[in-house]
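One structure is given below, encoded as structure tokens.
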Amino acid sequence: MSLISRLGAVARAVPNVWRATRSTDTTADALLWGDQLWSVPSSAGVEINQQTALGAVCVMACVMMLTEDVAKLPVSLYRLRSDSSREQVTDHPLAALLEEPNEWQDWLEFAEMVQVGLVLRGNGYAVIIRDWRGKPVKLVPINPDRVALWEAPTGELFYRVTPFGLHEMAELRDMPFLIPAADMFHLRGLSVNGLMGASRIAVARDAIGLTLAQERQAAQWIGAGSKPSGVLSTDQKLDGPTIERLKGRWKELNAGVQNAGKAAIFEAGLKWTPLSLSAQELEFIAARQFQVQEIARMFRIPPHMIGELSRSTNNNIVQQAQEYVNYTVSGYTRRWKAKLSKTFGLAKDGIHVGFDLTELVRADITARYNAYRVGIMSGFLKPNEARIDDGRDPDPDGDKLLQPSNMAVAGSQSTGTGPDDAGRPEDGTVK
């Protein structure tokens, strides 16, 4: 019997052990979330957990932005030289994990999963797998809903992880029942006790619940049959065949994009009366728009970045995008840097963690080239540094700093603040 046949026989004999799920299967949600999700009720009657919270489009937009923007930033380890320049570190075990934290994820996928836990639940976790020498060789991310913090009488901290799925069970099979804090990468958010981060979706459950309730109400209104845009009316009495003929003729002449702008011809005294939205319906639309702003405020996201442009202009969008990097993204990268340094003991080796934010602050090509020009002409940016930042190959003659010809050394005769021989050598020669 071939290997494939033997594997098939084993799978048929033990169906609960071998399981394949396509993205279109109805069991995909169960495989993704499981039945262990933490949940809390909201005043709107909607249960709030990770799955339901992401069901609100504005919540998903904010979460995707915060996770992708942090995860896509290049991360590196470096040491500072005596002249304050940076020397990249590649011989530390963490350097390899920043490229490939485990066999099934790259850094972006790993960081994105940990960041999702931090954004939604205030805690991001990854179990540190070590070899027999204690060297970290793998990081296994864990959904925060499956992690519990245990406090020992001596004050030591342990983490109880409940694996979900065969893959997680296999990866954590050699880990103890209670995992020591030294073997857990724990990224905390806002905390009131210093041990656990506060769950954002729990604290703001009513705001998310109201958003979901409004979305469901709007969907049910559409499903039950939305209001027509207008009515055709007449004082005359119409029989059945005439009504059907007029309906068909009206649809033929006016329905669809291809008939936009055509003249409507009425007969039998028909009059068209458009129906406007009621004040209650207009208030409902405004309330839904306000909830989008509320969710954006909760995640500290500029509303225009999730498609809410009612208060945005061409003059303030650029400034808001810069504030998003300065005030929101930088807070997350600071947490990552501090926790990576503390967990892996980088400070004692003089190693620092760096996040490259240039991908988020990259301006349009005109503003960028003007900035290059100012930097090169001011003498603090080399032409090759500008070329490399722009994605071009360095030039053989581009490694020299240029100095404007109309500038002089402070105190020389050219500045008018010193004698004519200021700055000249004692022998009177000019270099």
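What is the dipole size for the stretch 81-197, taken about its Cα centre, with +1 at each Lys and Arg Cβ and -1 at each Asp and Glu Cβ, in debye to the nearest 20?
360 debye
Give me the one-decimal nm value for the distance between modelled label points at SER191 and ASP364, 7 Å along each residue's Cα-to-Cβ direction.
The answer from the label model is 4.4 nm.
Can you find, among VAL318, GLY345, MET305, the residue farthest towards the positive end of the dipole of the stretch 303-358? Put +1 on the C-beta of Lys and Arg, -1 on that of Asp and Glu.
Result: GLY345, furthest along the dipole toward the positive end.
Which residues' amide hydrogens lie under 5 Å from the amide hydrogen of ILE48, considering only partners 5 or more residues apart or on another chain, with H built in the peptide plane?
Sorted by chain and number, the residues that satisfy this are VAL40, SER42.
Once you put a point 7 Å from the Cα of ASP131 and another 7 Å from the Cα of ARG81, both along the Cβ direction, what distance in nm separates them?
About 3.1 nm, to one decimal.
Taking amide H positions as placed in the peptide plane 1.01 Å from N, state which residues far from LYS138 in sequence (5 or more) or on other chains have amide H under 5 Å from it.
Excluding prolines and chain starts, which carry no amide H, the hits are ILE129.
Taking the Cβ of ILE48 as the center, what net charge do the other residues with Cβ under 15 Å away carry, scoring Lys and Arg +1 and Asp and Glu -1?
Value of the local net charge: -1.
Towards the positive end of the charge dipole of the stretch 84-234, with charges on Cβ (+1 Lys, Arg; -1 Asp, Glu), say which of ALA182, VAL137, PHE158 has the farthest Cα.
PHE158
Once you order the gyration tensor axes a ≥ b ≥ c over the Cα atoms, which shape class does the stretch 301-407 get: rounded for a/c under 1.5, otherwise prolate or oblate by comparing a/b with b/c?
oblate
Going Cα to Cα from LYS271, which aspartates and glutamates come in below 13 Å? Please leave out same-chain ones fewer than 8 positions away.
ASP235
Among LYS72/LYS348; LYS72/LYS135; LYS337/LYS382; LYS72/LYS337; LYS135/LYS342, which pairs are too far apart, with a Cα-Cα distance over 21 Å?
Distance filter (> 21 Å) returns LYS72/LYS348; LYS72/LYS135; LYS337/LYS382.
Which whole-Hz couplings ³J(HN,Hα) result when phi for each residue of the stretch 140-150 is put into the Karplus expression 6.51 cos²θ - 1.76 cosθ + 1.60, θ = phi - 60°, listed in order with x for Gly and Pro?
Taking θ as phi minus 60°, the curve returns 10, x, 10, 4, x, 5, 10, 10, 10, 8, 10 Hz for the stretch 140-150.
When only C-alpha pairs under 8 Å and at least 6 residues apart count, what is the relative contact order of the stretch 72-142, in percent? Intermediate results must be reported in sequence, preceding the final value.
On the way: 83 pairs, mean separation 16.6, N = 71.
With pairs under 8 Å counted, the relative contact order is 23 percent.
Give me the one-decimal nm value for the distance between modelled label points at ILE317 and ASP174, 7 Å along each residue's Cα-to-Cβ direction.
5.3 nm
We did not get these values from a lab; they are worked out from the coordinates using the rules stated. Keep in mind that this is a model prediction, so the values were computed, not measured. Quick reminder, even Gly has a Cβ in these numbers, built from the backbone with ideal geometry, and neighbours come from all protein chains shown.
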